[in-house]
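Read the figures in this text as sums done on the coordinates, not as results from a lab. Just so you know, these numbers come straight off a predicted model, no measurement behind them. In this analysis, Cβ positions are derived from the backbone assuming ideal geometry, glycine residues included, and neighbour counts consider all displayed protein chains.
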Amino acid sequence: MVEPLRPGDPRRIGPYRLEARLGAGGMGQVYLGTSQAGRKVAVKLILPELANAPQFRARFKREVDAARQVGGFHTAQVVDADPDAASPWLVTAFIPGPTLQRTVTERGPLAPDAVLRLGAGLAEGLAAIHRCGLVHRDLKPGNVILADDGPRIIDFGVAHTSGDTMTRTGSVIGTYAYMSPEQIRAETISPASDVFALGSVLAFAAAGRAPFDATSVPAIVHRVTSEPPRLDGLSGELHELVAACLAKEPADRPSTAELLSRLSVTGGSPATAPVAPAKPLPRRALLFGGAAAATAAAGGAAYFLWPESGAKASAKDRPLAAPATAAPDSTKPVARLTGHTQSVDCLVFGPDGRTLVSGGFDKTARLWDAVTGRAIATFTGHTEWVMSLAYSRDGRTLFTGSFDKTLRRWDVRTGAPLDVLATYDGEFDSVNCLAVSPDGATLAVGVGSRVELMKPDTGRSFATLTGHTGSMGHIAFSPDGKTVATVAADTGKYGSIRLWDVATGGSVKTLTSDVEKNFATAVFSPDGKTVAGSGPGVRLWDVATGRPTATLTDDHEYVRTAAYRPGKAVIAGAGSSREPDVGDHHAGRTVSLWDLSTGRVASTLTATAPQSKYDPSISVLAFSPDGATLAAAVNTSSGRDEAAHTIQLWKLP
């Protein structure tokens, strides 16, 4: 991922100013740099311990020469180089985009039609390489960047002329899982060797594993040279094409020209079409991976989306934050996510912080890329308002609860529905709130005025928590998973929060206040020693004794939502202002961040909203697991205008 420069890193190489680390290649460190004209470049600096080794310096020169011959349409265009410097370096155009390896590892296999389009783009790139009399010799998922205008083949460090053998001082050069049989046997190579590697790369893209993968190098070598490929999950045209590429004999494999002929489509080559993950992700294809990948650079933390038209991504498709290390203005949102047509009522970050899900009155839940702010998928199936959301701890499953009295499960990787985990039939049995225990073993479901504790894989309920007299509003697990806190719109004079023992289902204690208003949310501090309840201000209680310890106040008459910031002694809260002026469109649009060491508001965040006769309202807050991003659902009107119902993101220092 993109990292700040370290104390020992150079600040300038040649005329290029270095800004950050992008990753490490086979021979050196790769940096994000800026040219004298202000253009972003990738700078590859050979490792000091290799600079004086003749064989590595010669290999570096070959990489420079090979990349210059092929050009930049299918590769990273060489901008500058000095192979003879004390520490040789190479500068290429900066190509934003993840590697294929990162994409598949993080998001799962691509859809078959997307793999075919990827194959066309790579075949076209290999054809350009072969026309220069070169064989790449190390085509693999880590050397394919999924750029916004098509795949790029990178890292020419082992490229050589066709007809050469693979040995260098008795060793084999390349990556075994993607080598052709003749490469492994150190025989004469040809463009057919790259075609074999292409087949392995496409099989990986389609199935998530290399077709000759095994647990040891000897086993891989045996499979490549003596066994048929594993092509489970491939069918039809894709299976036929990949199997042809993986023929053991070079003469039996198709040429790149034949591949392009088979893959061409009416109206243009698939090489310029987008690569998309499996259906049913709607209308846009997710490419998930590094904030910036360049020549031999490791992927960082960003996501890229290709429009279906294949047109070059616009500025709005770029990451929310540039790779530069400068701190953003944390008081202003860095993104406004639009798509919901009615009020957004629930939010949850994925366990790794890379995705965000929202649910609302339009009966949908929506999956967002939390780095670029782009829509990934829409989960449809509920017949009423989506009231609650929860992720499984491995991030692969999404749970959604609805006013339609159902609890559903979804595959986050594909957007596909898995099943209806539970259906309830009581008059007031809407699924109001959800929470998953820290170990992922328990799903707490707020149904009507009770809480069902169940196994998330089977939906089997093992305890029912009863005692509330009103509809459930919020559930939270303690950090150790032994206690659960519940909030409901109970009848009675004063609001309360109840604590329960997860193992027994028994009531532990009831936390009360002296204010005649119900609480809205309850959240545990990261150390589990304190419970905070939002409503009439934010009230804090000591979990061990049940005694109140503090009350946090600001300009919000009622704090509708609150959240502890992970890793910080900070609570965020939002709600309605006490006395909004007539015509004041800023009422309810602020988030207070309380510093718990002082009990005071340390900073205030302000949401943006279109001009409207309605005052904006923040319905729910959610922190990313690392505490660096705060998300808020901001609803401005009761109409069906997407601009009026947004999720806004802040990057916090």
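Whole-Hz Karplus values for segment 540-550 come out as 10, 10, 7, 5, 5, 9, x, 8, x, 10, 6 Hz, taken residue by residue from phi with 6.51 cos²θ - 1.76 cosθ + 1.60 and θ = phi - 60°; glycine and proline positions read x. Here the 3J(HN,Hα) profile of segment 616-625, calculated from phi with Karplus coefficients 6.51, -1.76 and 1.60 at θ = phi - 60°, is x, 9, 9, 8, 7, 10, 8, 8, 5, x Hz, Gly and Pro shown as x. Considering only Cα-Cα distances, which of the following residue pairs are longer than 23 Å: Lys482/Lys509; Lys405/Lys509; Lys363/Lys517; Lys455/Lys517; Lys509/Lys568; Lys363/Lys651? Distance filter (> 23 Å) returns Lys405/Lys509; Lys363/Lys517; Lys455/Lys517; Lys509/Lys568; Lys363/Lys651. For segment 86-139 and segment 370-441, what is the separation of their Cα centres, given in Å? Using only Cα atoms, the two centres lie 36 Å from each other. Our estimate of slack between Thr423 and Lys332, defined as 0.36 nm per intervening residue step minus the Cα-Cα distance, is 28.6 nm. Taken along the Cα-to-beta-carbon direction at a fixed 7 Å, the label points for Ala58 and Ala37 span 3.7 nm. Less than 5 angstrom separates the built amide H of Gly28 from those of Leu47, all sequence-distant by 5 or more or on a different chain. Amide H contacts of Thr364: Val386, each under 5 Å away and 5 or more positions distant or on a separate chain (H built 1.01 Å from N in the peptide plane; Pro and chain starts excluded).
Here the Karplus relation 6.51 cos²θ - 1.76 cosθ + 1.60, evaluated at θ = phi - 60°, turns the backbone of segment 82-96 into coupling constants of 9, x, 9, 5, 3, 10, x, 9, 9, 10, 10, 4, 7, 10, x Hz, with x for every Gly and Pro.
Available extension along the chain between Thr188 and Cys132 is 18.4 nm, counting 0.36 nm per residue and deducting the alpha carbon span. What FRET efficiency comes out for the pair Ser235/Asp411, r = Cβ-Cβ distance, R0 = 22 Å, nearest 0.05? FRET efficiency, Ser235 to Asp411: 0.65.
How far, in nm, would the chain grow between Asp439 and Thr608 when pulled straight, counting 0.36 nm per residue and subtracting the alpha carbon separation?
Extending this stretch completely gives an extra 57.2 nm.
Placing a label point 7 Å from the Cα of Arg393 along the Cα-to-Cβ direction, the residues of segment 432-459 whose backbone N falls under 12 Å of that point are 436-443, 456. Distance between the 7 Å Cα→Cβ label points at Asp352 and Tyr558: 4.0 nm.
Residues whose amide H lies under 5 Å from that of Ile376, counting only those 5 or more places away or on a different chain, are Leu367, Trp368, Asp369; hydrogens are built 1.01 Å from N in the peptide plane.
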